[in-house]
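Trainee: Have a look at the structure that comes next, please.
The values are calculated or read from the model by the stated rules, or taken from the named source; none is laboratory data. Here the structure is a predicted model, which means the values were calculated and not measured. Backbone-built Cβ (ideal geometry, glycine too); neighbour counts: all protein chains shown. Ligands, DNA and RNA are excluded from the accessible area calculation, which covers all protein heavy atoms including side chains. Shrake-Rupley method; radii C 1.70, N 1.55, O 1.52, S 1.80 Å.
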Amino acid sequence: MRRPSVDPAFTFALSLVLSLLLCAPTFMNMMHGTVDVTTGGIRYLVALAISWCGVHGVATLVAGYASDARRPVPPRPPVAALPSRRREDGDDATSSQADAA
């Protein structure tokens with residue numbers, strides 16, 4: 001069974017950017033010395049793991065829906081021609097239009 005695939009480089013790059021955005025305040029606090037470097041690194045690795053799982057899950061879901069092609073609808077059978085009007089129906093229609101006017 002062929003499963004839909006996602007570009008792993010794209011998912012990792014997107015999760016990398018997302019994890020950097022999430023850990024920007026931690027990095028700023030590491031520069032000022034309020035957060036230890038080891039604690040900041042562990043926080044970043046956890047953020048990277050969580051963001052990769054989220055991005056991979058969403059990308060797999062989108063790829064699954066994108067690969068699910070709809071089957072083409074078969075054309076409908078030709079419609080049978082409507083029966084022609086009878087000669088009597090035509091006379092009634094013209095006489096009823098004349099009465100209405």
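Trainee: Filter region 35-51 down to the residues that are part of a helix (DSSP H, G or I) and surrounded by 13 or more Cβ atoms within 10 Å (Cβ to Cβ) and list them by number.
Mentor: Once the filter is applied, which keeps residues that are part of a helix (DSSP H, G or I) and surrounded by 13 or more Cβ atoms within 10 Å (Cβ to Cβ), region 35-51 yields GLY40, GLY41, ARG43, TYR44, VAL46, ALA47, LEU48, ILE50, SER51.
Trainee: Could I ask something else about it? Cβ contacts < 6 Å: first residue closer than 9 Å to HIS56 by Cα, restricted to region 5-16; second residue hydrophobic (A, V, I, L, M, F, W, C) and open to solvent by 70 Å² or more (accessible area, probe 1.4 Å), any location; separation 6+ or different chain. Result?
Mentor: Going by the 6 Å Cβ cut-off, the qualifying pairs are SER15/TRP52.
Trainee: Of everything in region 57-76, what is closer than 30 Å to ASN29 by Cβ and open to solvent by 70 Å² or more (accessible area, probe 1.4 Å)? Give them in sequence order.
Mentor: Within region 57-76, VAL58 is the sole residue that qualifies.
Trainee: Any residue in region 56-72 that's at pLDDT below 75: show its pairings with residues that are not in a helix (DSSP H, G or I) at Cβ separation under 6 Å, as long as the two are six or more apart or on different chains.
Mentor: SER67/PRO4
Trainee: Kindly evaluate GLY54 against the criterion of being on the phi > 0 side of the Ramachandran plot, surrounded by fewer than 16 Cβ atoms within 10 Å (Cβ to Cβ) and of a type outside the set (Val, Ile, Thr).
Mentor: Taking the combined requirement at face value, the residue does not satisfy it.
Trainee: Here's another thing I want to ask about it. Looking at (1) surrounded by 13 or more Cβ atoms within 10 Å (Cβ to Cβ); (2) over 22 Å from VAL6 (Cβ atoms); (3) not aromatic (Phe, Trp, Tyr), which is the only condition HIS32 fails?
Mentor: Against the list (1) surrounded by 13 or more Cβ atoms within 10 Å (Cβ to Cβ); (2) over 22 Å from VAL6 (Cβ atoms); (3) not aromatic (Phe, Trp, Tyr), HIS32 comes up short only on (1).
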